[in-house]
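First up is the structure itself, then whatever we jot down about it.
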Amino acid sequence: MFQGFLIGFLFGFVLHKGGLVRYSRVIGTLLLRDLKPMKFLFTGLAVALLGYGLSELVGLGFVPRVNPYLGAAHLLGGVLFGIGMATSGL
């Protein structure tokens, strides 16, 4: 539980430092006028892809475990996320 909180906190911190949590930036991305957030996230995806590929070549073979669908837990998380996005837009 604490590990997920820590990863979420670090992810939010990186998004904040990258300026990707500003209302104007989010709206610009949704309207396809500001592509910085998309470039930021795709760069992170490419780095992770390279990291997993290289670890497989070296023999570490670390593949993260995907958690199953949890039903009510995912619904509660989605509601909390939606409330946070709605209140930050005010």
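Just so you know, all these numbers are worked out from the coordinates, no wet-lab data involved. Nothing here was measured: the structure is a model prediction, and the numbers come from that model. Because the Cβ atoms are built from the backbone with ideal geometry, glycine has one as well, and the counts that use them run over all protein chains shown.
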Revision key, fill the gap. Going from the fewest other Cβ atoms within 10 Å to the most, one would list F81, F40 as F81, F40
Exercise for review: Would you mind checking the stretch 1-18 for residues with the amide N under 18 Å from a putative spin-label position 7 Å along Cα→C-beta of L70?
Suggested key: 1-12
Exercise for review: Would you mind calculating the relative contact order of the chain from Cα pairs under 8 angstrom and at least 6 residues apart, reporting the percent as a whole number?
Suggested key: 15 percent
Practice item. Considering the options V26, V66, T43, tell which one lies farthest towards the positive end of the dipole of the chain, charges being +1 on Lys and Arg and -1 on Asp and Glu at the Cβ, about the Cα centre. Key: V26
Revision key, fill the gap. Taking a crude spin-label model, label points 7 Å out from Cα along the C-beta direction, the F81 to V14 distance in nm is 1.6 nm
Review point. What are the ³J(HN,Hα) values, in whole Hz, obtained from phi via the Karplus relation 6.51 cos²θ - 1.76 cosθ + 1.60 with θ = phi - 60°, for each residue of the stretch 9-17 in sequence order, with x given for Gly and Pro?
Key: 5, 5, 5, x, 5, 5, 4, 5, 5
Practice item. Just tell me the longest site-free run in the chain, where the sites are trypsin sites (Lys or Arg not before Pro) in a DSSP loop having at most 15 other beta-carbon atoms within 10 Å. Key: 34-64
